[in-house]
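Chemist: I'd like to ask some things about the structure below.
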Amino acid sequence: MTTCDDVSMPTHGTPLSAALIPDCTKAEAHHAAYRSAKANDAVFVCIARQGQRWMVELDAMASSGPTIPDQAVAVLQSAVETLVVAGTVAQASIAPDYISMGAIETEAKARDIAAAFHAALHGLRQLYIAVPSQRGRA
């Protein structure tokens, strides 16, 4: 198990693997991981135990990267909804810069979900940076 004390958030644009997602069940671990994400200009990601189940949290506001456009948020929203419908996640909240999913049955599943969404968020942000926006063009 990885704790926030022995892992730092990656630098901007580098997603974490499932094994490296920090366990921020304790408040001090959460604060340390968030500080590390901000210091490394990285998207914050963690898992945390809530009773017998696990939650996933991602916060892009820890980094200075752009807010992803609504179309990209729709892709993430669709994935979250699929997890809810499948019963993998019982509760979820998503916004352009924040994703939270809870009541996940196992730590391993929470880590897999956290790593997948962390990679997706990084990829969508990189795509948004690389591909010029069509907004405002005739």
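Read-outs throughout are calculated quantities, based only on the coordinates presented, and are distinct from any laboratory measurement. Just so it is clear, the structure is predicted and the values come from calculations on it, not from any experiment. Glycine also receives a Cβ, built like all others from the backbone with ideal geometry; neighbour counts cover every protein chain displayed.
Chemist: Using a Gaussian network for the chain with springs between C-alpha atoms less than 10 Å apart, which of these wobbles most: Ala79, Ala62, Ala103?
Modeler: Ala79
Chemist: Cα axis of helix 70-86 to longest principal axis of the chain: angle in degrees, 0 to 90, nearest 10?
Modeler: 30 degrees
Chemist: Hey, another quick one. With the calculation restricted to Cα positions, what are the radius of gyration and Dmax of region 49-138 in angstrom?
Modeler: 14.3, 54
Chemist: How much net charge surrounds Arg53 when only the other residues with a Cβ under 15 Å from the Cβ of Arg53 are counted, with Lys and Arg +1 and Asp and Glu -1? All intermediate terms of the calculation are to be shown ahead of the outcome.
Modeler: Values: positive: Arg49, Lys109, Arg111; negative: Asp23, Glu57, Glu105, Glu107, Asp112.
Summing Lys and Arg as +1 and Asp and Glu as -1 gives -2.
Chemist: Can you give me the angle between helix 27-39 and the longest principal axis of the chain, using Cα atoms only, in degrees from 0 to 90, rounded to the nearest 10?
Modeler: Roughly 30 degrees, rounded to the nearest 10.
Chemist: In nm, what is the difference between 0.36 nm times the number of residues separating Ser93 and Asp70 and their Cα-Cα distance? Working shown, then result.
Modeler: Details: separation 23, 0.36 × 23 = 8.28 nm, distance 1.51 nm.
Working it through step by step, the gained length comes to 6.8 nm.
Chemist: Under the √(5λ) rule applied to the eigenvalues of the Cα gyration tensor, what semi-axes describe the equivalent ellipsoid of region 44-92? Give them in Å, descending. Walk me through the intermediate numbers first.
Modeler: Details: eigenvalues 100, 60, 5 Å².
The equivalent ellipsoid of region 44-92 has semi-axes of 22, 17, 5 Å.
Chemist: For region 92-102, what does the Karplus curve 6.51 cos²θ - 1.76 cosθ + 1.60, with θ = phi - 60°, yield as ³J(HN,Hα) per residue in whole Hz, taken in order and with x for Gly and Pro?
Modeler: Coupling constants for region 92-102: 8, 9, 9, 9, x, 10, 8, 9, 9, 9, x Hz.
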